[in-house]
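The values are calculated or read from the model by the stated rules, or taken from the named source; none is laboratory data. Quick caveat: nothing in here was measured; it's all calculated off a predicted structure. No Cβ is skipped: glycine too gets one built from the backbone with ideal geometry, and neighbour counts run over all protein chains shown. Note: accessible area is taken over every heavy atom of the protein model, side chains too, but ligands, DNA and RNA are not part of it. Shrake-Rupley method; radii C 1.70, N 1.55, O 1.52, S 1.80 Å.
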Amino acid sequence: MDRGHKITETISEWADVNSCPVCSGSDVVEFMTDVPPKIDRPTTSWKLCQECSHLFCSPRPTDAWLDAYYKKGYRHDTHGIEEAADKVPAQSAREEIGRAMRIVAMIEAFRGSGPFRRHLDIGSSTGALLASAMDKFKVPNSTGVEPNDAWRGFSMNSFEKYKQRKDVEDPHNMDVKASLSEVPLSSRFDLVTISHTIEHIQDLVGTVQTIRHVMFNDGVLYVEVPFSFGGMSDPLMFPHIHGFTIPSLTRLLEQAELHVHRIFLEGSAPPFWPPHQHLVVIASPEKPSYIKDDVLAQFVYGRDAARTAAEMSKKAKPTYELG
């Protein structure tokens, strides 16, 4: 089978998952089978962990099959594009820009607009979040992880154009790796983002442990996943192999000695207000602190920033173009 283009046909390489990918619990029950297919995507069967409430696909495609799929087939299925390395749909790029600006705003609301030293974005796609964080937080060194050749090439081309538009000797540096294993374990980051990516990852525990290993103790981790019980699209649709709940995502992070500072639901479009689309966690290796002066300063900063944003929103334009 040509994994790059016929991925929506019958998947022959399946593996049973008999224990929970988050807590390793064996008390699991069938949750849902035959999720209605979207376009030509295959249906999958799901199980529920009775201990941590994590939802996971079982059986699921093998690790080798999924690795090949994300290099070639995934973008074809989800965005309708072929393999050409220099082709990215404009609509996809715009969506990435909108999501990136939203995420940057939430990180800023959490810790202010002070600079970060190093940013790691896992599942960096078009590079919009890397560029937006670089612009907002003055990040001098940014690293992305993106297995797809087209998106990786687009990221670097867009970054070069970004530097040219700045028309200065820009000290910023961006690099995009094909996998997390290519990021040196000696590297350290004080901002790590993983947005709508971890639900695709086979080894959840190992990935989060690696993230913890490469983080500074005062670093910020931003995780966003589809909320399993909300959203306009089906959160249990292939190629998702995990469905997160608040308890299961919290447990996954805490097992790696990461402390949850904020956890909330986000994204419910008016005027009909469907269930929230995103589950968001902001965590850190450091335990939360609720000193009165810090909380008050954050509150005052947030109100000032909101007023400034309201004044500037009508004339604001993103500095990150479509490449």
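Every residue in segment 282-299 that is loosely packed, with under 10 Cβ neighbours inside 10 Å and of a type outside the set (S, T, N, Q), please. Before you say what the answer is, go through the steps one by one.
Here is the first cut: in segment 282-299, the residues loosely packed, with under 10 Cβ neighbours inside 10 Å are 287, 289-293.
Once the filter is applied, which keeps residues that are loosely packed, with under 10 Cβ neighbours inside 10 Å and of a type outside the set (S, T, N, Q), segment 282-299 yields Lys287, Tyr290, Ile291, Lys292, Asp293.
Sub-8 Å Cβ pairs linking a first residue in segment 286-309 that is of a type in the set (Phe, Trp, Tyr) to a second residue that is open to solvent by less than 90 Å² (accessible area, probe 1.4 Å), at least 6 apart or interchain, are Tyr301/Gly112, ordered by first then second residue. Against the test of being open to solvent by 30 Å² or more (accessible area, probe 1.4 Å) and of a type outside the set (Gly, Ala, Ser), the options Asp190, Asp149 yield a single qualifying residue, Asp149. Among the residues making up segment 242-258, those that are touching a helix residue (DSSP H, G or I) at 6+ places or on another chain (Cβ under 8 Å) and more than 15 Å from Ser195 (Cα to Cα) are Leu252, Gln255, Ala256, Glu257, Leu258. Phe229 passes every criterion in (1) more than 17 Å from the chain's Cα centre (by Cα); (2) over 26 Å from Val183 (Cα atoms); (3) in contact (Cβ under 8 Å) with a residue 60 or more places away in the chain apart from (3).
Filtering segment 225-281 to residues that are farther than 21 Å from Tyr70 by Cβ, in contact with a Cys (Cβ under 8 Å, 6 or more places away or on another chain) and either buried (at least 22 other Cβ atoms within 10 Å of the Cβ) or of a type in the set (A, V, I, L, M, F, W, C) (or both) leaves only Ser248.
Criterion applied to Ser125, Ser113, Ser142, Ser155 was being in a loop (DSSP other than H, G, I, E, B), hydroxyl-bearing (Ser, Thr, Tyr) and buried (at least 17 other Cβ atoms within 10 Å of the Cβ), and the one residue passing it is Ser125.
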